[in-house]
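I have placed the structure first, in the form of structure tokens, so that the comments after it can refer back to it.
The values are calculated or read from the model by the stated rules, or taken from the named source; none is laboratory data. None of the values given here were measured: they were computed from a predicted structure. Side chains included, ligands, DNA and RNA excluded: accessible areas come from the protein's heavy atoms. Shrake-Rupley method; radii C 1.70, N 1.55, O 1.52, S 1.80 Å.
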Amino acid sequence: MGELLANYSLKSLNTFGVEAKARYFMEVSSLEALRAVLQLPEVKNLPLLVLGEGSNVLFTRHFEGLVLKINLKGIKFLGKDSQFYYIQAAAGENWHQFVQTCLANHWAGVENLSLIPGTVGAAPVQNIGAYGVELKDVFYQLEAVDITSGKLCVFSKQDCQFGYRDSIFKRQVKGKYIITSVTFQLFQEPRINISYGNVKQTLAEMGITQPTIWDVSRAIIHIRQSKLPCPTRLGNAGSFFKNPEVPQEQATFLKSLYPHMPFYPSEKPGKVKLAAGWLIEQCGWKGKRIGKVGTYDRQALVVVNYGGASGAEIWQLAEQIRASVAEKFNLWLEPEVQVF
Ligand code: FAD
Ligand code: NAP
């Protein structure tokens, strides 16, 4: 078992790069170690925070409990049927490296999710998505340890209740399970999906007319690198807020006031998805900097730490952004980032 460390700095373990100390911290690399640490008397009744690569969290204060960094590793081919390959990846695998392994083995379906930071284990928590594909499109089942009983449980796709950047792990069972592995069903015959935004155009600029899954991945990596700040250079956690899904009537009303407002279909009946980045930009926040914090100049939805900011300062800015969107559009943005 790893060492239980007290008063441990989480600064290098979150992509905002903010300082926060964990009362206790431990890295776990096996299921046995995971079960054992949950029984330690020092931590048994303390709040628990499971950490992957810290790319979707904001620490606004010290964490008065146990932070467990999940370091379980391994990617296994479980078998195939007429349509799919079944691949199990341990929760601590890096997501993008998992995507690369899939590409190398001709396992199709995750290419549009290239270069998303974080771990495999965190991916179902918010049903990660990008460029028209979501984790749920390739998800088969996951295994998770119940933190009260230590039992290993299986969650099917239906159990996970996936929604737009959402799952049961953000709601009913929040903080109750530690995901230890995810099994994917990946396509034997690729289904190329390049309908989203500028993917097709980028491929055309690359001179590609009949894209393979590797071409799609390369195009998306190229777009992401040109549009998003790299957290090692500029602290951030990607999109700070979720795109709001509003009733059709509200969208129609807003469209009558702002004819250029982008909107997209939502999977929720009677709802329409608006672009949070556009709403924030209309309030004058794009590229704006206040002291050590601000928004990224190429995407207003990305809140950034320009250096030395605290989590509380970042949260204060996020609250200001929220208030101005509420005032202008009568809409309350919901953070996508998990705030502690
Ligand atoms: P963490 O930040 O460590 O944790 C996130 C949440 O999941 C926390 O609540 C944590 O407690 C919980 N958690 C983590 N691991 C486990 C586990 N094993 N069991 C149970 N709970 C767990 N997201 C997208 O959806 N699409 C994108 O395109 C995208 N682009 C991004 C771009 C940038 C530059 C950045 C910085 C972030 C981006 N994100 C995106 C957000 C982030 O990459 C994802 O949410 C990712 O899945 C987080 O993984 P993580 O390991 O860093 O999780
Ligand atoms: P973008 O392409 O500038 O688009 C802005 C927003 O409009 C996106 O949030 C997207 O919603 C929506 N959108 C655009 N085209 C769409 C379409 N054809 N159908 C449905 N919705 C559409 O966005 P971006 O910031 O550069 O991000 C590109 C992709 O990467 C998006 O899918 C985004 O979610 C993902 N991304 C996510 C994060 C994160 O932290 N969550 C960070 C960076 C990028 P969706 O978000 O629902 O796709």
>> If I build a Gaussian network model for the chain, linking alpha-carbon pairs within less than 10 angstrom, which residue out of Lys286, Lys255, Lys170 has the largest mean-square fluctuation?
In response: Lys255
>> Using C-alpha positions alone, give me the convex hull volume of the chain per residue in cubic angstrom.
In response: 141 Å³
>> Run the helix sum for the chain: -39,500 (n - 2.57) per DSSP H stretch of 4+ residues, divided by residue count, reported at 222 nm to the nearest 500 deg cm²/dmol.
In response: -7000 deg cm²/dmol
> Under a 1.4 angstrom probe, counting protein chains only, how are Trp214, Trp95, Trp107 ranked by accessible area, largest first?
Replying inline: Trp214, Trp107, Trp95
>> Looking at the chain as a GNM with Cα springs under 10 Å, which of Tyr86, Tyr196, Tyr258 has the largest mean-square fluctuation?
In response: Tyr258
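Once neighbouring chains are kept in place and the probe is 1.4 Å, which whole percent of the accessible area of the chain is contributed by carbon and sulfur?
In the chain, the share of accessible area belonging to carbon and sulfur is 50 percent.
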> With the other protein chains left in place, how much accessible area per residue, in square angstrom, belongs to the chain at a 1.4 angstrom probe?
Replying inline: 47 Å²
> Once the Cα gyration tensor of region 287-329 is found, what semi-axes does its equivalent ellipsoid get, as square roots of 5 times the eigenvalues, in whole Å, sorted largest first?
Replying inline: 18, 13, 7
> By a straight-distance test (C-alpha under 17 Å), which aspartates and glutamates pair with Lys76 as possible cross-link partners, with residues fewer than eight away in the same chain excluded?
Replying inline: Glu93, Glu143
> Mind checking the alpha-carbon convex hull of region 262-304 and giving the volume per residue in Å³?
Replying inline: 76 Å³
> What list of ³J(HN,Hα) values in whole Hz, one per residue of region 87-99 in order, does the Karplus curve 6.51 cos²θ - 1.76 cosθ + 1.60 (θ = phi - 60°) give from phi, with Gly and Pro shown as x?
Replying inline: 10, 10, 10, 6, 4, x, 5, 5, 4, 5, 5, 5, 4
> Which value, in Å² rounded to 10, gives the accessible area of Tyr177 with a 1.4 Å probe and all protein chains present?
Replying inline: 60 Å²
> So in region 1-159, what percent of DSSP beta bridges are antiparallel if you round to the nearest 5?
Replying inline: 65 percent
> Given a 1.4 Å probe and the protein chains all in place, what does the accessible area of Asp166 round to, in Å² to the nearest 10?
Replying inline: 20 Å²
>> With viscosity set to 0.692 mPa s at 37 °C, what whole-number translational diffusion coefficient in µm²/s follows for region 249-328 from Stokes-Einstein and a Kirkwood radius over Cα pairs?
In response: 239 µm²/s
> Once the whole set of protein chains is in place, how much accessible area is left on Met206, using a 1.4 Å probe, in Å² to the nearest 10?
Replying inline: 70 Å²
> Quick one: of the DSSP bridges fully inside the chain, what percent are antiparallel, nearest 5?
Replying inline: 80 percent
